[in-house]
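Each remark here refers to the structure printed beneath this line.
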Amino acid sequence: MRIRFIAMLMATFFVVAIGVTQPRQGKPAVVAKAEDDFQLVKVADGVYAAIARPGGLASGNAGFVIGDEGVLIFDTFFTPAAMEELIGEIQALTKLPIKFAVNSHYHLDHTGGNQVLVARGVPIIAHDNVAQWQTTKNKRFLPTPEDLQKRRADAAKQMSETPEDQKEKRAQFERQVRRYDAMMTIKLTNPTVTFGSGVLRLYLGQREVVLSTLPGHTGGDVFAYVPDAKVVFTGDLGWSNTLPNLVDATVNDWIPTLDRILNQYPSAKFIPGHGNVAGPSEIKDFRDYLDDLRTRVKQGIADGLTVDQAKQQLKLPEKYKEFAFQNFATPNVEDMYKELKGTKQLQ
Ligand SMILES: [Zn+2]
């Protein structure tokens with residue numbers, strides 16, 4: 001009896017101790033797994049896409065290229081934890097060192113893992129403007145530590161109040177808690193090498209990766225082309241079957257950018273910033289979405305609509321209703337309206 005009591009006491013202590021070292025509540029800690037956060041897709045020999053899973057720790061897509069002397073990582077996801085998982089996947093495939101990383105643009109869902117690579121001494125290459133915006137403009141995508149603590153506590157409370165048999169719902173809260181924990185570890189970290197125009201050629205031994213910059217999505221975007229595999233990493237210049245975030249966009253620049261990319265790489269495979277690995281037709285669909293949006297909003301302005309009327313009346317055409325991120329449909333109208341009126345604030 002006494003032994004059993006001590007065993008129980010020890011078990012309780014053990015659980016409490018785990019509770020202290022791992023800030024999860026309610027259920028035993030769930031071990032983070034890469035497959036919860038992204039799906040690895042082999043696009044060509046030594047060229048991989050890491051496609052973000054909804055609600056996970058990656059948020060934006062990333063990927064990597066393995067050459068004969070090293071590896072290049074394209075984008076660093078939303079959280080350090082997801083970046084660590086990607087490094088784990090890379091190391092399962094090759095013993096070669098990570099030589100370079102690239103930030104396609106400053107948004108936190110593509111740069112949140114930067115600190116992991118800087119700590120490893122990996123140079124991170126980006127557009128000049130990323131160095132200006134990374135630690136300033138990104139603050140709007142990252143709640144304060146106090147706010148994150150509060151949100152985490154709310155999610156943990158809701159989870160603990162959800163009955164055991166509602167497994168789906170509990171798992172959802174569990175994922176939220178896990179996401180807040182990961183967000184609390186983000187330290188906004190700058191790239192270490194930047195360029196503002198022209199082309200930058202990187203070599204992973206024989207294998208070449210060409211970085212270029214084009215305007216439209218933020219005014220500080222870089223994309224990568226792997227010539228021997230005919231693969232383009234578009235970053236957020238390309239979205240596949242997904243409505244875009246236009247918060248920093250200039251659609252009038254973006255449409256010609258996409259035309260140029262499609263013209264230059266007519267038979268490439270595309271790893272988009274969001275959505276699945278695409279061909280030219282999905283990138284064309286995205287280009288047409290932007291063109292369509294611009295046409296509809298232009299007409300709305302010509303008809304005398306205010307911005308609020310435009311948001312109410314200009315409904316998303318049927319053919320884009322299957323796109324992911326439907327919540328962007330109305331903000332897209334507002335951003336387009338302001339761009340056409342010349343009132344959009346881009347700092
Ligand atoms: Zn993104």
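The values are calculated or read from the model by the stated rules, or taken from the named source; none is laboratory data. Note that the coordinates shown come from a computational prediction; the quantities given were computed from them, not determined experimentally. FYI the Cβ positions are ideal-geometry reconstructions off the backbone, even for glycines, and counts take in every protein chain you see. Surface areas here come from the heavy atoms of the whole protein model, side chains and all, with no ligands, DNA or RNA. Shrake-Rupley method; radii C 1.70, N 1.55, O 1.52, S 1.80 Å.
Neighbours of GLY220, meaning other residues whose beta-carbon lies under 9 angstrom from its beta-carbon, give a summed charge of -3 when Lys and Arg score +1 and Asp and Glu score -1. If you take the alpha carbon atoms of the chain and fit the smallest convex hull around them, that volume is 162 Å³ per residue. Whenever you get a sec, compute what percent of the accessible area on the chain sits on carbon and sulfur atoms (1.4 Å probe). Accessible surface attributable to carbon and sulfur in the chain totals 54 percent.
Per residue, the chain reaches -13000 deg cm²/dmol at 222 nm when only DSSP H runs of four or more residues are counted, each adding -39500 (n - 2.57). Nearest 10 degrees is fine. How inclined is helix 2-21 to the longest principal axis of the chain, computing both from alpha carbons? Tilt of helix 2-21: around 20 degrees. Pairs spanning more than 20 Å between alpha-carbon atoms, out of LYS33/LYS99; LYS311/LYS344; LYS298/LYS344: LYS33/LYS99. Rolling a 1.4 angstrom probe over the protein heavy atoms with all chains in place gives the chain an accessible area of 48 Å² per residue. Taking Lys and Arg as +1 and Asp and Glu as -1, the other residues whose beta-carbon sits under 11 Å from that of HIS105 total -4. Relative to the longest principal axis of the Cα atoms of the chain, helix 80-93 runs at roughly 90 degrees. What does the charge count near TYR203 come to, summing +1 for each Lys or Arg and -1 for each Asp or Glu among other residues with Cβ under 12 Å from its Cβ? Within the 12 Å Cβ shell, the charges total -1.
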